[in-house]
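Shown next, in structure tokens, is the structure this report addresses.
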Amino acid sequence: MNKKHINDWIKKKQERREALNPTKLFEGIQHGDRASLSAGITLIESHNPDHRTAANSLIQSCLSASGRSIRIGITGVPGVGKSTFIEAFGKVLVEKGKKVAVLAVDPSSSVSGGSILGDKTRMQDLSMMDDVFIRPSPAGDTLGGVARKTRESIVLCEAAGFDVILIETVGVGQSETVVKSMVDFFLLLMLSGAGDELQGIKKGIMEMADALVITKADGDNIKKSNLAAREYKNALHLFPPNENEWIPEVFTCSALEGTNVERVFEVIESFQNTMTQKGFITHNRRKQDQLWLKETLRELLLSDFFLDGQMLERLKLLEEQVQNGEITSFRAADELYEYYRNARRV
């Protein structure tokens, strides 16, 4: 490698280091610079252990400028039209003078680990608006289809001055509580065909919803959508009251025709005003902070374990013994845990 190539390599390395400087990133984020916001989210999403200190410093700086948005989780069964709804809803929010950030999490392949990341393609009109920021992130193996660092991304978006944070999740599942644990308002989108849908959706998901909207209520589907809304409304009466005493609204919507999309905004605004007066949003966010302290600690412990070469060698040995029927998986886990504890004591 000649001297010019060496100098170019050193220069590029310095530029990459400067690009990840938390102080400069924070200054850019505060001034609404999209490149700084994108780079900041990339930093906190990084799996590189060397980036953890810089990421934590950036998040800590952004905390003082965060907390002033309404955080909305949007989920629904596959094919419900989440992206179509978010584009229509996002336009309504912008018309109301809101700055909107969309943290959209696409399904990751369980084989390759890749993801589609096509939300900017599906939300073409919305992505072109000056007051909108769309960030697709791969879900990976995180429970509930929420990207590993989505919660920290919310803090960065708030520091950048966004009034509304929309979190689009992969779909409905048992781990959708992960979504609920990072938002103020939980919106559940459903399709018509109430009888079949009531059988297919988890009761716990409906209990978490602050509003339930039947999508695609247009054309020949209007009658079925209205029937579905009545069925869901009756079903919700059977559930115990929410901790915040909010009564979830159920109604139909057509993102294509724009029918009742503005009503979603009105319901969320009413929720925000009511819960702010009661002090519930602050109370709820403090509970969420406590939960995420434990979740982050669990993540750090897992990361510490799987980045340890000795642990991985021991794990591989025990996996072979389990596969050969020489030891049960439970016994192997106990042995590996004891080995880990003893190694930490040294």
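Take Glu269 and Gln124, extend 7 Å from each Cα along the Cα→Cβ direction, and tell me the distance between the two endpoints in nm.
If labels sit at Glu269 and Gln124, their model points lie 3.1 nm apart.
Between Leu63 and Asn21, what is the FRET efficiency for a Förster distance of 22 Å, r being their Cβ-Cβ separation, to the nearest 0.05?
Plugging the Cβ-Cβ distance into 1/(1 + (r/R0)^6) gives 0.75.
Note down the nm distance, to one decimal, between modelled labels 7 Å out along Cα→Cβ at Ala235 and at Ile222.
Result: 2.4 nm between the two label points.
Stick to Cα atoms and the Kirkwood definition of Rh, then tell me Rg/Rh for segment 290-345.
1.06
Highest first, please rank the peptides 53-65, 235-247, 75-87 by the mean number of other Cβ atoms sitting within 10 Å of their residues.
So the order, starting with the most tightly packed, is 75-87, 53-65, 235-247.
Could you work out the local net charge near Asn324, counting Lys and Arg as +1, Asp and Glu as -1, over the other residues with Cβ closer than 14 Å to its Cβ?
-1
Provide the FRET efficiency to the nearest 0.05 for the Asp50-Arg344 pair, computing r from the beta carbons and using R0 = 30 Å.
FRET efficiency, Asp50 to Arg344: 0.85.
Between Ala333 and His31, how many nm apart are label points set 7 Å from Cα along the C-beta direction?
For Ala333 paired with His31, the spin-label model returns 5.1 nm.
If I stretch the segment between Lys294 and Glu313 completely, what's the gain in nm (0.36 nm per residue apart, minus their alpha carbon distance), one decimal?
Gain in length upon complete extension: 4.1 nm.
Glu257: net charge of surrounding residues, Cβ under 14 Å, Lys/Arg +1, Asp/Glu -1, itself excluded?
Value of the local net charge: -1.
Report the full-extension gain for the segment Arg286 to Glu243: residue separation times 0.36 nm, less the Cα-Cα distance, to one decimal in nm.
Values: separation 43, 0.36 × 43 = 15.48 nm, distance 1.47 nm.
This chain segment gains 14.0 nm when fully extended.
Where a number appears in this text, it was derived from the coordinates with a stated rule and is not lab data. Predicted model only: the values in this text are computed from it and were never measured. In this analysis, Cβ positions are derived from the backbone assuming ideal geometry, glycine residues included, and neighbour counts consider all displayed protein chains.
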